[in-house]
Amino acid sequence: MAFDLAADLAARREQHRYRQPVIQDGPCGRYAVVEGRRYLNFCSNDYLGLANDPAVINAFQGAVADWGVGSGASHLVCGHQRPHQQLEEALADHLGRESALLFSNGYMANLGVMTALLGKGDAVFHDRLNHASLLDGGLLSGARFRRFAHNDASALRGQLQRSDARRKLVVTDGVFSMDGDVAPLSDYAAACDDNDAWLMVDDAHGLGVLDAQGRGSVVAQGVNERVPVLMGTLGKGLGTAGAFVAGSHVLIETLIQFARTYIYTTAMPAAVASATLVSLSKAREEHWRREKLVVLIQRFRAGAAQLGFTLMDSATPIQPLLIGADQQAMVLSQQLREQGFLITAIRPPTVPDGQARLRVTLSAAHEESDVDALLAALEKVGCRTSDVGR
Ligand SMILES: Cc1ncc(COP(=O)(O)O)c(C=O)c1O
């Protein structure tokens, strides 16, 4: 049968790769409420604890009263309201760029940029562990598709040197979403300069978290002027929803004219933009959030290492525990759930085969005692790395 979907689903289940949403009965924050029980939430991307911040909520509610709920159309028809414009200007100013452009989410931003900038005769160069939306954007663009070993600048340089493509775009996560490590942006920028290529950084997980003012990976690594295309999301460190691309006026005008995922879709609600204006200024000014994260990260890493867990090379709030086998990761996630902790088991195809993991994420909404409680639970369930394939 051509459409034997039930067989595909059964196979997924057998592989321990079946996924299901957890239905939460409360906001994203320190805790998650599921089926009447409260869990410590160690799996959101709300790194700064802004998703349920009273001032951000207040801005959102006020803006709904002023601007309504739906934007009513795409940006270029009549969906672009004053808060959208203000947020684009605020993002550009914060990030030291000439201009910025909002997208409804990060997936769309990545598809839009890559299809607008690339086509046949061009080439795109990806880190092997890049986010799915970057890989999909590259495929959709029709450009030649190259992948280099994770964080390997000399492999990239070799590929660039061998390429005779018209345009060469190098694309990388700033902070890798499932590993928490950072890309060597300065080395990439040098390889791009030497080979007439452009560098695009998806800083979904760096924005708000890295650099003294939360400007993310490119500022933290001192390469802001050498990264022509900077993409960021609003639904992680900034606690709201949506995404943007920042760069030169010419880049942004190009996206307005040619990025189909900007042109042919309804603009995000203006209230989301208004709420983000507040969360952006909190992310910039409330240094205590990043300072607290540093303390929590150090505490977690020291404790987990002492318990004998395999930590990844990460100094960011993404602190995955490498487990290995899919089934074991599932069992451990369930055991931690029974202990009162919500931590998702991340399995292939999101991560490579044999590298299933518990993706622990820390947030400024957590307390040190939460980390201690998690470490105690980990000791109890006693998970260790099994047949890790890297
Ligand atoms: C690195 C990276 N880029 C892009 C996205 C997509 O962003 P959004 O959730 O806004 O679609 C995500 C995660 O969702 C991500 O982790």
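The values are calculated or read from the model by the stated rules, or taken from the named source; none is laboratory data. Since the model is a prediction, treat every value here as computed from it, not as a measurement. Here Cβ is always computed from backbone atoms with ideal geometry, including for glycine, and neighbour counts include all displayed protein chains. With ligands, DNA and RNA removed, areas are computed over all heavy atoms of the protein, side chains included. Shrake-Rupley method; radii C 1.70, N 1.55, O 1.52, S 1.80 Å.
Data for the structure
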read-out	value
Matching residues, the range 320-350, being among the polar types (S, T, N, Q), touching a helix residue (DSSP H, G or I) at 6+ places or on another chain (Cβ under 6 Å) and either farther than 12 Å from LEU378 by Cα or part of a helix (DSSP H, G or I) (or both)	GLN335
Residues within the range 255-292 that are over 19 Å from ASN45 (Cβ atoms) and open to solvent by less than 40 Å² (accessible area, probe 1.4 Å), tallied	12
Considering residues of the range 200-225 that are open to solvent by 40 Å² or more (accessible area, probe 1.4 Å) and in a helix (DSSP H, G or I) only, the residue farthest from the ligand (Cβ to nearest atom)	GLU225
Residues of the range 245-277 classified as within 16 Å of HIS131 (Cβ to Cβ) and part of a strand (DSSP E or B), total	1
Residues that are of a type in the set (S, T, N, Q), within 12 Å of the ligand (Cβ to nearest atom) and within 15 Å of ARG260 (Cβ to Cβ), drawn from the range 104-148	SER104, ASN105, ASN110, SER133
Considering residues of the range 364-390 that are within 14 Å of LEU311 (Cβ to Cβ) and either open to solvent by 70 Å² or more (accessible area, probe 1.4 Å) or part of a loop (DSSP other than H, G, I, E, B) (or both) only, the residue modelled with the lowest pLDDT	ARG390
Checking ASN45 against (1) in contact with a Lys or Arg (Cβ under 6 Å, 6 or more places away or on another chain); (2) within 18 Å of LEU255 (Cα to Cα); (3) open to solvent by 30 Å² or more (accessible area, probe 1.4 Å), the condition it does not meet	(2)
Failed item in (1) in contact with a helix residue (DSSP H, G or I) (Cβ under 9 Å, 6 or more places away or on another chain); (2) open to solvent by 20 Å² or more (accessible area, probe 1.4 Å); (3) assigned to a loop (DSSP other than H, G, I, E, B); (4) more than 23 Å from ALA241 (Cα to Cα), with GLY119 passing the rest	(2)
Filter result for the condition that a residue is assigned by TED's automatic domain parsing to the domain that holds GLY232, open to solvent by less than 10 Å² (accessible area, probe 1.4 Å) and over 23 Å from the mean Cα position of the chain (by Cα), over ALA100, ALA109, ALA59, ALA63	ALA63
Any hit, the range 294-314, residues being hydroxyl-bearing (Ser, Thr, Tyr) and at pLDDT 95 or above	yes
Residues of the range 226-241 satisfying the condition of being surrounded by fewer than 23 Cβ atoms within 10 Å (Cβ to Cβ), part of a loop (DSSP other than H, G, I, E, B) and within 16 Å of the ligand (Cβ to nearest atom)	GLY235, ALA241
Scope the range 149-159; condition surrounded by fewer than 22 Cβ atoms within 10 Å (Cβ to Cβ), of a type outside the set (S, T, N, Q) and either part of a helix (DSSP H, G or I) or within 16 Å of the ligand (Cβ to nearest atom) (or both); matching residues	HIS150, ALA153, ALA155, ARG157, GLY158
Qualifying residue in the range 354-369 (condition: free of Cβ contacts under 8 Å to residues at least 24 places away in the same chain and touching a helix residue (DSSP H, G or I) at 6+ places or on another chain (Cβ under 6 Å))	no
Matching option when the condition is touching a residue at least 60 places away in the same chain (Cβ under 8 Å), within 14 Å of the ligand (Cβ to nearest atom) and not polar (S, T, N, Q), among PHE244, PHE258	PHE244
